[in-house]
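Peer 1: One structure coming up, written as structure tokens, with questions to follow.
What follows is calculated from the coordinates using simple rules that are stated; it is not laboratory data. Since this is a predicted model, take the numbers as computed values, not measurements. Note: ideal-geometry Cβ built from the backbone for every residue, glycine included; neighbour counts use all protein chains shown.
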């Protein structure tokens, strides 16, 4: 197993939940994930589908963002170090979602980032597009979306 602190996104089913750690079973196997000192913000239960983002460090994923299926993304700022994680304020995605809908796309999924939203949209012709939308609803860029990208697994119903 490579321990290079690589950023990753994992979607899957929670198979075990502890105080601040949990096990997520994804298509590529089981992963141990750590929520840090802000674990109380996320009430995880076995059997829930989640998408998380983070960095692999040694044998676990240090979670930087997590969303339950159909729920909002919760961000964990891990810049504090030594157990001093802090939670970043959640942002309202309504402006970003409205901007994508105004472009004529159906919203299939949204992932919040600290400074923008990634939104998966489908055109009337079925074309998948990933939008990067600022917090104020301004579309920064859009690009073709990969159908089987791990970060869109919940949106595409691939769990």
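Peer 1: Stretched out fully, how many nm does the piece from residue 40 to residue 115 gain, at 0.36 nm a residue minus the Cα gap?
Peer 2: 24.7 nm
Peer 1: Oh, and also: Label residue 48 and residue 94 with points 7 Å out from Cα along Cα→Cβ: what is the distance between them in nm?
Peer 2: Roughly 2.4 nm, to one decimal.
Peer 1: Additional query: For a label point 7 angstrom out from the Cα of residue 72 toward its Cβ, which stretches of region 8-43 have the backbone nitrogen within less than 16 Å?
Peer 2: 41-43
Peer 1: What is the distance in Å between the Cα centres of region 93-121 and region 52-66?
Peer 2: When both Cα centres are located, 24 Å separates them.
Peer 1: Continuing with this model, one more query. Compute the orientation-averaged projected area for region 94-152 from the convex hull of its Cα atoms and round it to one decimal in nm².
Peer 2: The directionally averaged projection comes out at 3.6 nm².
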